[in-house]
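The structure appears below as structure tokens.
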Ligand code: GLN
Ligand code: ZN
């Protein structure tokens, strides 16, 4: 190796583990069904790791990353590595590590299931009972969910699992240069939760466990050093958050201790700018620092200046969160001056682990070739790093020259493509009046008009939109997609399903009906497929949690709506009943949040384009006689930036996009929105500013506690707090829902209350749905009698 070769090195913070064909998913699910023995599952894991390291090596990375593999979740791996499995599981000594792992990940009893949208939602069902799975929550601002470590004053740590070291040995045996990766001690504690059983321990904070945790990290590092790893990447993404002072000040001493081991540490941060933690990160006694050059390019120059030159700087220049091909010339222009500041020494990387992007483009044979040329998934990003490394070194072969040319052509084609840019969309946005985000009259006036129009009883009952997606429905859709079922017969089947749902709702005596969403596979995909500016991959799967993956749409161009998307179905449904039929749309922020989005214009602009498409749909529904329209926005909260200083800007454009989508409606048209479980309290003014006539939220699992904030804030419009949990097959009784409704009535003016389940019913069966809704309607009637 030449010295220049050493001066510039490349690596990735992590690689997708699910496999090109989701091999890990299928192996896991077979194992859980009892069809694949543990030993064979281990073999699948070993093969996947070997393959993924092979890809990294073949792509010319200087190290392979070891420790990013997990059978369920990397945080759960650390719980076992560090010997802090919660005592509540009462694991016995002879229970295998793998069975304990899956018990924590999946629980032994009833498992909380994903909501109707297919996404899981952060939740806390109070005191975790003995066998319940660990709580799951979002990994920073990604759609990946990790298992939340539980900490009590009794939590003790010990080096308790050999898996990481075994994996290092595997990689070494394959001849790889190894960089091991660990989640850092401060981020590990931060991401966990205090679980205290008694009030006497109320003063306990998990940071107090740090002193006991550090020696175990020291042992892990000792072992890694003894095995001969070249580097240990230690992830502390919380350096990109607004940290309380005690957490910030714990870094210096912690890393001083860990550095004593003498294995080179690469401290990795990602997802967010370092801001006030920048000088701290540069100062910590470690051998190197990795930073996210995509999310925080503005900090690169100061980091290059502040980080002592004897330390390695790793710049995440290739976007690990999105699927676009890197503009290599632009990247080189960014990197060159940094390299100079660093005396010619620089590491290149993806901004964060490639866990958050699909595996490879190679399988995407059905993608339009021009659009395909604009993309790079995980495997292609490895190649980009190689080209960047060669180009920065200034001496490269014909293959690299070719790669640079291909990249230039693709970047130019994307920039100029008429498929990306639609003048009509631009012009419409430029001409959009400021008041396009305002309903015609204030809420009170609209409410009066809507009351006169719909004459609903007090405590009106409704549902969130979807009814059970039965095997019949799924089979019909699959047959239609495979071309085995004609459009006409598919349509006829769906119309029958809608008619069935309408009849059931009439029998149950619900007040505001829905068509049931039989024709929808997914609340975002359904709209994306009908909008211009979207494409869909065949195998662009990204891990969401455990064995679950999502396949987000790709928004590549200006968004517009060629024709109405939901009107026919909704009008058909309305024709079958005299009750009001609620139209059902997905809002702009949710579409944005659950897609891969353009990086060539601000997210705010993309959101506004989607909002205009939804606005047209609202107008068409209204025109067709639909008087109530719900625009679902479960993802508003999850779109919040990691830094609080950026919340206001985001909430401004996000709530405006929602209002633009809703404000075509006349005063007499009632706009609903729906949001799933979330911490609403700190964004209540903005939720109120969305100005939906009715909002339905998920509240039953918090025993209506979530509603208190709305009450204290005097939330001005109508509200439907979910009275039963749709995540479980358990059927709630009437009395239970009456109790919740009384609780709600004490907090919210009763004449502002609606009665509905927590979320959509698509994951439920009809039998339990009918009983639950019958009880719900009875509960509403009882409340009416009481008021
Ligand atoms: N209308 C959707 C449904 O009922 C809403 C789902 C969601 O917000 N998660 O399925
Ligand atoms: Zn929901």
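Tabulated results
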| read-out | value |
| --- | --- |
| Residue in region 201-216 that is under 22 Å from residue 352 (Cα atoms) and either surrounded by fewer than 20 Cβ atoms within 10 Å (Cβ to Cβ) or touching a helix residue (DSSP H, G or I) at 6+ places or on another chain (Cβ under 8 Å) (or both) present | no |
| Qualifying residue in region 86-102 (condition: farther than 29 Å from residue 353 by Cβ, out of contact with any helix residue (DSSP H, G or I) (no Cβ under 6 Å at 6 or more places or on another chain), assigned to a helix (DSSP H, G or I) and at pLDDT 90 or above) | yes |
| Check on residue 696, buried (at least 20 other Cβ atoms within 10 Å of the Cβ), in contact with a strand residue (DSSP E or B) (Cβ under 8 Å, 6 or more places away or on another chain), farther than 27 Å from residue 560 by Cβ and modelled with pLDDT of 95 or more | yes |
| Test set (1) more than 16 Å from ligand 2 (Cβ to nearest atom); (2) surrounded by fewer than 21 Cβ atoms within 10 Å (Cβ to Cβ); (3) in a helix (DSSP H, G or I) - residue 660 fails condition number | (2) |
| Residue among 715, 724 that is under 14 Å from residue 696 (Cβ atoms) and away from ligand 1 (no atom under 15 Å from the Cβ) | 715 |
| Filter result for residue 655 (crowded, with 24+ Cβ neighbours inside 10 Å and either assigned to a helix (DSSP H, G or I) or within 16 Å of ligand 2 (Cβ to nearest atom) (or both)) | no |
| Residue list for region 356-367, restricted to those being touching a strand residue (DSSP E or B) at 6+ places or on another chain (Cβ under 7 Å) and crowded, with 23+ Cβ neighbours inside 10 Å | 356, 357, 358 |
| Test: residue 496 is at negative phi, part of a loop (DSSP other than H, G, I, E, B) and either more than 18 Å from the chain's Cα centre (by Cα) or within 16 Å of ligand 1 (Cβ to nearest atom) (or both) | no |
| Selection from region 499-518 of residues that are closer than 9 Å to residue 467 by Cβ and over 33 Å from the mean Cα position of the chain (by Cα) | 500, 504 |
| Within region 469-493, considering residues that are within 16 Å of ligand 1 (Cβ to nearest atom) and surrounded by fewer than 21 Cβ atoms within 10 Å (Cβ to Cβ), the one nearest to residue 724 (Cα to Cα) | 470 |
| Residue within region 559-571 that is in a strand (DSSP E or B) and over 30 Å from residue 506 (Cβ atoms) present | yes |
| Check on residue 320, buried (at least 18 other Cβ atoms within 10 Å of the Cβ), under 20 Å from residue 179 (Cα atoms), modelled with pLDDT of 95 or more and in contact with a helix residue (DSSP H, G or I) (Cβ under 7 Å, 6 or more places away or on another chain) | yes |
| Residue within region 607-618 that is under 20 Å from the mean Cα position of the chain (by Cα), surrounded by 24 or more Cβ atoms within 10 Å (Cβ to Cβ) and either in a helix (DSSP H, G or I) or in contact (Cβ under 8 Å) with a residue 24 or more places away in the chain (or both) present | yes |
| Cβ pairs under 6 Å, 6+ apart, first in region 669-680 and over 14 Å from residue 721 (Cβ atoms) and at pLDDT below 95, second near ligand 2 (Cβ under 10 Å from one of its atoms) and part of a strand (DSSP E or B) | none |
| Hits in region 736-766 (condition: crowded, with 17+ Cβ neighbours inside 10 Å and part of a loop (DSSP other than H, G, I, E, B)) | 747, 748, 754, 757, 758, 759, 760, 761, 762, 763, 764 |
| Out of 543, 574, 538, sole residue that is in contact (Cβ under 8 Å) with a residue 12 or more places away in the chain and under 30 Å from residue 625 (Cβ atoms) | 574 |
| Test: residue in region 242-258 that is farther than 18 Å from residue 180 by Cα and crowded, with 22+ Cβ neighbours inside 10 Å | yes |
| Selected residue [in contact (Cβ under 8 Å) with a residue 12 or more places away in the chain, farther than 22 Å from residue 310 by Cβ and outside any loop (DSSP other than H, G, I, E, B)] from 266, 182, 289 | 182 |
| Matching residues, region 662-689, being away from ligand 1 (no atom under 15 Å from the Cβ) and out of contact with any helix residue (DSSP H, G or I) (no Cβ under 8 Å at 6 or more places or on another chain) | 682, 685, 688 |
| Within region 499-526, tally of residues that are assigned to a helix (DSSP H, G or I), closer than 14 Å to residue 568 by Cα and in contact with a strand residue (DSSP E or B) (Cβ under 8 Å, 6 or more places away or on another chain) | 0 |
| Residue in region 585-599 that is more than 14 Å from ligand 1 (Cβ to nearest atom) and either over 27 Å from residue 417 (Cα atoms) or surrounded by fewer than 18 Cβ atoms within 10 Å (Cβ to Cβ) (or both) present | yes |
| Subset of region 771-783 (residues that are more than 17 Å from residue 753 (Cβ to Cβ) and surrounded by fewer than 18 Cβ atoms within 10 Å (Cβ to Cβ)) | 771, 774 |
| Selected residue [within 20 Å of residue 339 (Cβ to Cβ) and buried (at least 20 other Cβ atoms within 10 Å of the Cβ)] from 388, 375 | 388 |
| Looking only at region 627-648, and only at residues there that are within 16 Å of ligand 1 (Cβ to nearest atom) and assigned to a helix (DSSP H, G or I), the one that is nearest to the chain's Cα centre (by Cα) | 638 |
| Qualifying residue in region 579-588 (condition: assigned to a helix (DSSP H, G or I), away from ligand 2 (no atom under 16 Å from the Cβ) and in contact (Cβ under 8 Å) with a residue 60 or more places away in the chain) | yes |
| Residue match in region 442-452 (condition: free of Cβ contacts under 8 Å to residues at least 60 places away in the same chain and surrounded by 15 or more Cβ atoms within 10 Å (Cβ to Cβ)) | no |
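The values are calculated or read from the model by the stated rules, or taken from the named source; none is laboratory data. Model, not experiment: these values are computed from the prediction. Glycine gets a Cβ as well: all are built from the backbone with ideal geometry, and neighbour counts include every protein chain shown.
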